Every structure is written in structure tokens, then in C-alpha cells.
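Following: one structure in C-alpha cells, then a few remarks.
The values are calculated or read from the model by the stated rules, or taken from the named source; none is laboratory data. Everything numeric in this text was worked out from a predicted model, so none of it was measured. FYI the Cβ positions are ideal-geometry reconstructions off the backbone, even for glycines, and counts take in every protein chain you see. Just the protein is used for accessible areas: all its heavy atoms, side chains included, with ligands, DNA and RNA removed. Shrake-Rupley method; radii C 1.70, N 1.55, O 1.52, S 1.80 Å.
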Amino acid sequence: MSTTTMPTTAAEAPRRGTGRVGAPLVVGLGVVALIASVAAAMTFGAADVSLVNVRDIVSNNLGLTDIPVRAAANAIVWEDRLPRALVAAACGAGLGLCGVVMQALLRNPLADPFVLGVSSGASTGAVLVAVLGLGGGALGLSAGAFAGALIAFAVVLLLARAAAAATSGVILAGVAGTHFFSAVTSLVVFAFADSDATRGVMFWLLGSLEGMRWSQVWLAVAVVAVGAVLVSASAHILDAFAFGDDVAASLGIHVGRVRLLLFVLTALLTATLVSVAGAIGFVGLVLPHAARLLVGSRHARVIPTTIVLGALFMVWVDAASRTVFAPSPLPVGVGTALVGVPVFVALLVRRRKVRG
């Protein structure tokens, strides 16, 4: 796999986005839209729940009011739909954030959070738990996915270090790790899984937000919040990396150490989100490009914009995935791919027109 070089001069950077819209305006409008989207998403489903019901239920559970509501509606909104929407938003924000970091560190606009083999490793860990019965329940599945993701990340780093080829070595090592762990996953499913286990495993591997609980909401939101703070504090470093290692080093940045720390942060964030929701693709690839088209390429602007766009994207993809094919929900990873591919093609065409 060849790398695609990012802009090499400061003059080229603004042409990557129109720069006509201010980041504070985009983020502010995005936050308002996100709140409205989460509220709207809670009205979608087999059970009829209105926006007024949603408002009353949320207000009651926050201790702000004591409005009589049906117990069934309260359970549907507060215990099922709201946690699911919030986890979707957190996953979209976190994966988009990881995409920003990976594309800057690797200077490759096609990089995404799974280039480090984290997703395939998480899939292997989850399959080992689900098929071979290591651990138990959802906690065992999530723990297995997280452990598998970290093991895969360690393997990819060792391969990249052995290759000693900087960013291209990381990408090639990620490709090798991804295919290896994907092969192990397929082998385990083929050799040991029955038809029911295979169906369950495949549904998880394609990304699933079924059965989200508040404990998973707090975990996903907490890790994304920490990641957002750390990455935002590193925005100027990512700007330097986007122009090459030599530029970063000339600015006093310890290139190897900082790159490793940001890789580790990205891997931990991706591993946590994959362990919660399964493998969800295209979010980290597409949303950073959309953000750059809106606010330009400065990472201080791109990071918050990507976070908001990623959260919005995932909330609506999840809402569509669980309603269009009701009563059988579509795996959310399939939804992100179906939406993400056309969007990515449109972004590529728009990018060519802007640069032309």
C-alpha cells in the first residue's frame, strides 16, 4: 500500500477546505442539531413514543419534574433508546477523532482507526470468547474484544519497529496484522462455531448497538471525552506532523515519542469503542474529510468539527439501521458502509473541484 502525501506547503493547506464557515459556528450548530437528533432518534421504533413523551421521561429521570408517564414508555426511552443513541454518538465522535489523528500521523488521507489492526484483533478476541466460551455474557465479550485489540496493536507496533520504515512501515504492518487476525477469526468460526454462534458473531463483527446499557454509555463517553481533551491539546503537533517529520522535529517535537503516544491513545480509544459496539467502519475515514471541507485543515478547527459531525452521523445511521429493516435491525456497521461509501465518493469529487 502506498502512502498519499499530505500538503507540503502552508499555501496548499487552505485549498483542502473552503474555509468559508467558521468552526465555532459549525460546532455550535452541530451541537444543537445533535441534541435534536438524539431526541428525534428516541421516537423511532416499534413502540409509539412522541417527542413530548421523550421530554417528560428524560426530565423525570433527571429529577427535574414528576410528570406521570407510562412505565413501558419510560423503560423504552430511558433504558433502551437513550443509551443506544448516546453510545452511537460517542462511537461516531471517537472514531472520527481517531481518523483525524491517524491521517495526520501517517500523512495518508485514506488512513482510519483500523489501520493499526485494532479492529481485526478485537474481532478475534470477541470470537474466541463467544465461540470457545472464554468468559461469560456481554462483559466477557467486551473484555475479549479489548484484549484482542491491544494484542493486535502490540503485534503491529513490533512489526513496524522491525521494518523500521516510519509511516509506510506502520501501514504495511497494519495490513499484515489485519489479515492475520482476520484469518484467525475465520478459522475459529469455521472450525468451532455452530450456526447460531456464527450468526451472533457475524452480527457483532458488523457492528451492533443492541442492548446498550448506562454502564456502556459512561464508559464510551468518558474515554471519548478524555481522548478529545488530549487530542485537542495536541492540535498544533498534528499540524506539524501533517507537513512531515522534518518540520515537526524542527519545531522541537520529539517525533518518535509523540507519534508512539498518539498511536497508543488512538489504539486504546478504538479498542474501547470496538469492545462496546463492534467493528464500525468508514466513520474515521469519511468524517475528517467532511470537516476539512467545512472549516479548512487547521486541526484546532478540524478536531471539534469532526467530533460533532461523527456523533451526528452515527446517531442518524443507527436510527435508520434499526427502523428501515424493522423488526430485524440492520448491523450499524453495514449502515455506515452503505452511507459512507457514496459520501466518500462525493467528498473525493468535491475535493478535486476545490483543488482544481
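What are the ³J(HN,Hα) values, in whole Hz, obtained from phi via the Karplus relation 6.51 cos²θ - 1.76 cosθ + 1.60 with θ = phi - 60°, for each residue of the stretch 216-230 in sequence order, with x given for Gly and Pro?
3J(HN,Hα) across the stretch 216-230, in whole Hz: 6, 4, 4, 4, 5, 5, 5, 5, 5, 5, 4, x, 5, 5, 5.
Under 5 Å between amide H atoms, partner at least 5 residues away or on a different chain: which partners does L209 have, H built in plane at 1.01 Å?
Under 5 Å from the amide H of L209 lie the amide H atoms of V332, each far enough along the sequence or on another chain.
Per residue, how much accessible area does the chain have with a 1.4 Å probe, in Å²?
So the chain comes to 45 Å² accessible per residue, rounded to a whole number.
Quantify, in whole percent, the carbon and sulfur part of the accessible surface of the stretch 228-272 (1.4 Å probe; protein heavy atoms only).
70
Only helical DSSP H runs with n ≥ 4 go in: add -39500 (n - 2.57) per run for the chain, normalise by residue count and round the 222 nm mean residue ellipticity to 500 deg cm²/dmol.
-24000 deg cm²/dmol
Quick check on packing: order 297-308, 236-247, 117-128, 42-53 by the mean number of other C-beta atoms within 10 Å, highest mean leading.
Descending packing order for the listed peptides: 117-128, 297-308, 236-247, 42-53.
Sorted from largest to smallest, which semi-axis lengths in Å does the alpha carbon gyration tensor of the stretch 203-258 give for its equivalent ellipsoid, taking the root of 5 times each eigenvalue?
Square roots of five times the eigenvalues give 36, 14, 8 Å.
Taking P(r) over Cα pairs in 20 Å bins from 0, in percent as the quantity of interest, determine which of [x] 31, 53, 16, 0; [y] 31, 59, 9, 0; [z] 30, 56, 14, 0 was computed from the displayed structure.
Here the calculated entry is [z].
³J(HN,Hα) across the stretch 295-300 via Karplus (A = 6.51, B = -1.76, C = 1.60, θ = phi - 60°), whole Hz, x for Gly/Pro?
With the stated coefficients, the stretch 295-300 comes to 10, x, 9, 5, 5, 4 Hz.
Over the stretch 225-315, calculate the relative contact order: mean separation of alpha carbon pairs under 8 Å at least 6 apart, over the residue count, as a percent.
Taking the mean separation of contacting Cα pairs over the length of the stretch 225-315, I get 34 percent.
What list of ³J(HN,Hα) values in whole Hz, one per residue of the stretch 319-334 in order, does the Karplus curve 6.51 cos²θ - 1.76 cosθ + 1.60 (θ = phi - 60°) give from phi, with Gly and Pro shown as x?
Per-residue couplings from phi come out as 4, 5, 5, 8, 10, 5, 10, 4, x, 8, x, 7, x, 5, x, 5 Hz.
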